[in-house]
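Asks: The structure that follows is given in the form of structure tokens.
Each value in this text was obtained by applying a stated rule to the coordinates, not by laboratory testing. All figures in this text were calculated on a predicted structure; none of them were measured in a lab. Positions of Cβ are backbone-derived with ideal geometry, glycine not excepted, and every protein chain shown enters the neighbour counts.
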Amino acid sequence: MINSALFIQKKTPLILGILLLSTIIVSLGFGSYPIDYNRITEIILHLLGIGDYAVTLKEIAIIEYIRPPRILVATLSGIALGVSGAALQGMMRNPLVEPNLVGVTGGAAFGGVLAIVIGLAQAGTILLSFIGGLGALLSTFTLAKIMNLRSDGIALIMAGFFVGSFCLAGVGFLEFYDKSGALPNIVYWLLGTFRGADFTKLLLISTTTLIGLTVIILLRWRINLLSLGDVDAMAIGIDTRKLRWIIIIIVTFMVSSQVAVSGIIGWVGLIVPHIARMLVGPDHRLLLPTSALLGGLFVLGLDTITRSVTQGEIPVGVLSAFIGTPIVSFIFWKTKTKGWNE
Amino acid sequence: MRQNDKAISSYIKSNGILTILTAITVISVIASLCIGTYPLPFSKAFEIMMHFIWPWSSDYNTEWTAKEIIIIELIRMPRVLLAVFVGVALGISGTALQGMMRNPLVGPDLVGVASGAAFGGVLAVMMDMSSYTMVIMAFGGGMMGMVMTFALASLSKSESNGMTLILSGIFVGAFLMACVGLGQFFANDGQLNEITFWLLGTLTRANEERVWTIAIPTLVGGSALMFIRWRLNILSLNDTDAMSLGINVRLIRWVIISIVAWIVASQVAVSGIVAWIGLVIPHFARMLVGPDHRSLLPASALLGALFVLAIDALTRTVIQEEIPIGVLTTLIGTPIIILIFWKKQTKGWISD
């Protein structure tokens, strides 16, 4: 009995992977110009040069250029957020941590907006996003250490909240100062949206996400050891300081490129690891891939909903906060905020 | 006997501080009337203001040009008064909340009142309601936000170290702001502009009607809080002690919550979300006059007014551009609050 449960747990990433792939294909058909699946198969076959079907230019444009980048960017954003959340929670031994709450997202947004306002190219935007995100994360950690309100982990969240709101006020300030007319775009981008995803963005987020994901997955054993506690981890011979830094940098790298591409999408990094933990338990060897896949599924699902159900495309960030916060409150209630330290 | 002397001397001291604060506030109000893109001499501003508020004053002095009178009475006066009332409202409600919750990390924008009021206000804007209905909606939203926060906090209470409340506030606030985002999304272009600019916190839309909208709740609610200042002191002991002194803790809590929601709702309705003041000001006031709510409440009110006046004066003169005041208060307020936490290694008061 136990064995079969374990078997299912081990197979969860595989099942989720298949589910994610089929969702990607299914979501190709959704949108303001619905195309049915036989037609999609025909178009794809046509594009691959296998069959010869009569397809219109419009259909080719949609299936080749418009929907795939958007769908993949959404999936990869979700993967980045899910795995970052799981890694941060494991590293901090705190179930209430996520990129948004520790200030990374706010800092990255500030850096990105700064780059837009002073008119840098896309590479500059990403670099400044990264610097902003890293700066914010470091300020949060320093602040939490300085404040040192009993180490039940909530100090970290308070610190993250302060840093995050400071960064967002900075964003407000820049928005205000901006004379280049980029304001509506900035506002809409920051609310979190995949509209306007193209191949450049896809290239960017796929590079960072895949590199980050690989490194984190390679570190999965060590994250397991980190969640024991610093003393135990050191006794086993892990350089916890160095490991922490690596994780912080990788997470910042992934999250800031996600913000640069698709704005602030909060709460995904918090709830996805919890759901993943319910599915496969606390072992990071399974938890990390499961969180990645679940994150991809969740964000892709949200994006598909906004572009098909609602007419005017509600920003994904708004939708994720709308759905995410009640779930978070529920988790908060269930876990009684204890943090895992005690 | 000695203890008594000490109490009396500290009473005199805090009364002195309050008098000085009042004087500074009055001077700042007049000074704010002088500054701006069209500067006026202090004495002239004072005379025009006195003429304006003195009910049986004579005709306008012929030395004053129509331009000067218009600037003082119609343009700067509402704005300055609005700034004063916003500061008073936030300072006093922050103090009341902190005293009531025995938690130094609480502020109106952290327990969900401000975002709830914003949500109510956005709904009102979208339904094109009048400004009075807007205050009512904002009040409803603010009460809802605060009740949600308290409910969530008490549901998930483990060791009540006060942090639970703030975390709940963050969650509820994020949820309500997502609701605001949905509202913004469904709003048409004109409404969107209005909502976005208003929510960032602004004093630019000051007019007589808005001054009244915030003045009445602030004065009435503020006086009500002043009336129960003794009980606030007793509440900050702790529940058991307060009950044994014959205070109906539950009732007092609800009264304070409703008053704060009313004050903050009117503040949000006229000037949007002005963050961090309600959290920072009570700490400064406590440094000046100590933890006794009899002097703490008025000191917070005056300091709040001074702070908002100063920030508003800054935007009007140095920066010369109308930066949303909520943005500025966050930029200034967060470093201050961080400094305070660092200095005090804040523990929440419940523990000790």
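Asks: Please average, across the residues of B:323-330, the number of beta carbons from any other chain that are within 10 Å of each residue's own beta carbon, and give a whole number. Walk me through the numbers before you get to the answer.
Replies: Numbers: counts 4, 5, 0, 2, 9, 3, 1, 9.
Taking all residues of B:323-330 together, the mean is 4.
Asks: Which whole-number value in Å³ per residue fits the convex hull of the alpha carbons of the protein assembly as shown? List each step's numbers first, then the result.
Replies: On the way: hull volume 131.6 nm³, N = 694.
Enclosed volume per residue, from the Cα hull, is 190 Å³.
Asks: Something else: Give me A:Trp221, B:Trp212 ranked fewest to most by other Cβ atoms within 10 Å of their Cβ, as a rough exposure proxy.
Replies: A:Trp221, B:Trp212
Asks: Compare the Cα positions of B:Ser28, B:Phe85, A:Gly17 along the charge dipole of the protein assembly as shown (+1 at Cβ of Lys, Arg; -1 at Cβ of Asp, Glu; about the Cα centre) and return the one farthest towards the positive end.
Replies: A:Gly17
Asks: How big is the dipole moment of the stretch B:173-268 about its Cα centre under a simple scheme where the beta carbon of each Lys and Arg is +1, that of each Asp and Glu is -1, and everything else is neutral? Debye, nearest 20, please. Could the numbers behind the result be given before it?
Replies: Values: 6 positive and 6 negative charges, 65 e Å.
Around 320 debye, computed over the stretch B:173-268.
Asks: Remind me, relative contact order of the stretch A:144-248 in percent, using alpha carbon pairs under 8 angstrom and six or more residues apart?
Replies: Working: 20 pairs, mean separation 11.2, N = 105.
Computed over the stretch A:144-248, the figure is 11 percent.
Asks: Then there's this: Where does each of B:Leu235, B:Leu303 land when they are ranked from fewest to most other beta-carbon atoms within 10 angstrom?
Replies: On the way: B:Leu235 23, B:Leu303 27.
Sorted ascending by nearby Cβ count, the order is B:Leu235, B:Leu303.
Asks: Between the stretch A:267-309 and the stretch B:127-186, what is the separation of their alpha carbon centroids in Å?
Replies: That distance is 27 Å.
Asks: 222 nm [θ] for chain B, helices only, -39500 (n - 2.57) per DSSP H run of 4+, per residue, to 500? Walk me through the numbers before you get to the answer.
Replies: Numbers: 15 runs with 262 residues, N = 352.
Calculated at 222 nm, the ellipticity per residue is -25000 deg cm²/dmol.
Asks: A follow-up question, please. What does the average come to when, for each residue of peptide B:71-78, you count the partner chain Cβ atoms lying within 10 Å of its Cβ? Walk me through the intermediate numbers first.
Replies: Working: counts 0, 0, 0, 0, 0, 0, 0, 0.
Mean number of neighbouring Cβ atoms from other chains: 0.
Asks: Continuing with the same structure: When only Cα pairs under 8 Å and 6 or more residues apart are kept, what is the percent relative contact order across the stretch A:34-335?
Replies: Details: 459 pairs, mean separation 90.3, N = 302.
After rounding, I find 30 percent.
Asks: Charges at C-beta only: +1 for Lys and Arg, -1 for Asp and Glu. How large is the resulting dipole of chain A about its Cα centre, in Debye rounded to 20?
Replies: Roughly 760 debye for chain A.
Asks: Listing B:Phe197, A:Phe298, A:Phe141 from the residue with the fewest other Cβ atoms within 10 Å to the one with the most, what is the order?
Replies: Details: B:Phe197 15, A:Phe298 24, A:Phe141 19.
Fewest-to-most ranking of B:Phe197, A:Phe298, A:Phe141: B:Phe197, A:Phe141, A:Phe298.
Asks: Further question on the same structure: Which of rounded, prolate, oblate describes the stretch B:132-254, given a ≥ b ≥ c as roots of the alpha-carbon gyration tensor eigenvalues and a/c under 1.5 marking rounded, otherwise prolate only if a/b is larger than b/c?
Replies: Note, shape of the stretch B:132-254 comes out oblate.
Asks: For the protein assembly as shown, give the magnitude of the charge dipole about the Cα centre (Cβ charges: +1 Lys/Arg, -1 Asp/Glu; no others), in debye to the nearest 20.
Replies: Magnitude of the dipole: close to 1940 debye.
Asks: Among the aspartates and glutamates, which have Cα under 18 Å from the Cα of A:Lys201 when same-chain residues fewer than 8 positions away are ignored?
Replies: A:Glu64, A:Asp303
Asks: Projected onto the charge dipole of the protein assembly as shown (+1 at Lys/Arg Cβ, -1 at Asp/Glu Cβ, origin at the Cα centre), which of A:Leu143, A:Ile43, A:Leu183 gives the Cα projection farthest towards the positive end?
Replies: A:Leu143
Asks: Also: Taking R0 as 56 Å, what's the FRET efficiency between A:Arg285 and B:Glu208 from their Cβ-Cβ distance, rounded to 0.05?
Replies: Details: r = 67 Å, r/R0 = 1.20.
About 0.25, to the nearest 0.05.
Asks: Classify chain B: rounded, prolate or oblate, from the alpha-carbon gyration tensor (a ≥ b ≥ c, eigenvalue square roots; a/c under 1.5 rounded; otherwise prolate if a/b is larger than b/c)?
Replies: Oblate, since a/c reaches 1.5 and b/c is not below a/b.
Asks: Further, regarding this structure: Got the relative contact order for chain B handy, in percent, Cα pairs under 8 Å and 6 or more residues apart? Don't skip to the end; give the middle numbers.
Replies: Numbers: 512 pairs, mean separation 105.4, N = 352.
About 30 percent, as a whole number.
Asks: Additional query: What Kirkwood hydrodynamic radius, in Å, does the stretch A:34-335 give when the mean of 1/r is taken over all pairs of distinct Cα atoms and then inverted?
Replies: Result for the stretch A:34-335, one decimal place: 19.9 Å.
Asks: Using a/c under 1.5 as the rounded threshold, could you call the stretch A:235-342 rounded, prolate or oblate? The axes a ≥ b ≥ c are square roots of the C-alpha gyration tensor eigenvalues, and prolate needs a/b larger than b/c, oblate otherwise. Mind dumping the intermediate values first?
Replies: Values: a/c = 2.18, a/b = 1.53, b/c = 1.43.
The shape class here is prolate.
Asks: Something else about it: Averaged over its residues, how many other protein chain Cβ atoms are within 10 Å of peptide A:168-180's Cβ atoms?
Replies: Numbers: counts 2, 13, 3, 1, 9, 6, 1, 4, 6, 2, 0, 0, 0.
What the average comes to for A:168-180 is 4.
Asks: Still on this structure, please answer the following. Once the Cβ-Cβ distance between B:Asn233 and B:Thr22 is put in as r, and R0 is 25 Å, what FRET efficiency do you end up with, to the nearest 0.05? Provide the component values of the computation, followed by the final result.
Replies: Values: r = 22 Å, r/R0 = 0.87.
Efficiency at R0 = 25 Å is approximately 0.70.
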